[in-house]
Amino acid sequence: MPPEKVSLLIVEDDVSICQSLSFLLAESGYSVRSAADGFSALVELRSGIPDIIISDLNMPGMSGFELLSVVRRRFPAIRAIAMSGTFSGDGVPPGVAADAFYEKGTHLSSLLQIIEVMTRSEQSSPFQHHGTLAPIWIPRNGQDASGEAHVVITCPECLRMFSQTLDTASYHTRETSCVYCHSLVYYAIVQPTDSTSQQAFQRKPHAEMPTSLGVLANAHEDSELSNA
């Protein structure tokens with residue numbers, strides 16, 4: 001049971017998973033709100049800033065990749081947990097602006113442990129931003145008049161738009177300078193599928209998040225027994 005009422009915002013487009021997580025975390029003593037996608041989450045932020053955001057990465061509309069980048073830039077004090085059932089591993093996927101990663105389908109006690117660590121004092125917490133700028137997640141815009149692959153970037157400092165040629169087909173996080181104000185801009189392509197990410201976070205063909213409240217409750221009970 002956390003010593004204080006820590007506020008959480010769960011962003012998940014799967015209704016059953018969202019409801020199950022909300023129920024379990026509320027039962028664990030946290031103040032919980034939820035949103036169905038990135039845009040809905042930004043609306044929720046207008047009514048109150050949570051201590052921690054737990055966001056799925058693959059969602060329609062605004063993905064978790066994009067949402068967490070916006071949150072990191074506009075609300076740097078919010079701790080962020082990315083979650084996904086598409087990739088495996090305990091590290092944060094490359095280019096994702098999150099402090100921790102939870103793999104869907106694994107034991108729920110690991111998520112509870114991550115949240116517990118994040119609620120401790122900042123000095124003892126390993127989750128730090130280290131001053132890293134969050135990348136802007138943008139779609140690939142196709143080809144320009146000369147046939148070169150390109151994207152259109154909106155500078156987060158001066159808000160002006162400029163075109164940037166893509167010299168390779170890779171989807172790694174990139175950096176460039178704004179042609180107007182010369183500010184350094186980090187950007188990445190929406191929904192990365194590069195081989196490096198797949199190697200670091202191998203796809204799990206049969207791993208799915210438990211959606212039954214009974215399954216989640218049993219996992220929670222196991223966690224409490226292990227901590228007793």
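Database remark: amide H of ALA35 closer than 5 angstrom to the amide H of ILE10, VAL11, GLU12 (H placed geometrically; neighbours at sequence offset of 5 or more, or on other chains; Pro and chain starts carry no H).
In a reduced charge model with +1 at each Lys and Arg Cβ and -1 at each Asp and Glu Cβ, the stretch 45-98 shows a dipole moment near 280 debye about its Cα centre.
Under 5 Å from the amide H of GLY89 lies no amide H of any residue 5 or more positions distant or on a separate chain, with H modelled from the backbone and absent for Pro and chain starts.
The numbers here are math on the coordinates, done by the rules we state, and not lab data. In this text, all values refer to a predicted model and were calculated from it rather than measured experimentally. When we count neighbours, we look across all protein chains shown, and the Cβ atoms used for this are built from the backbone with ideal geometry, even at glycine.
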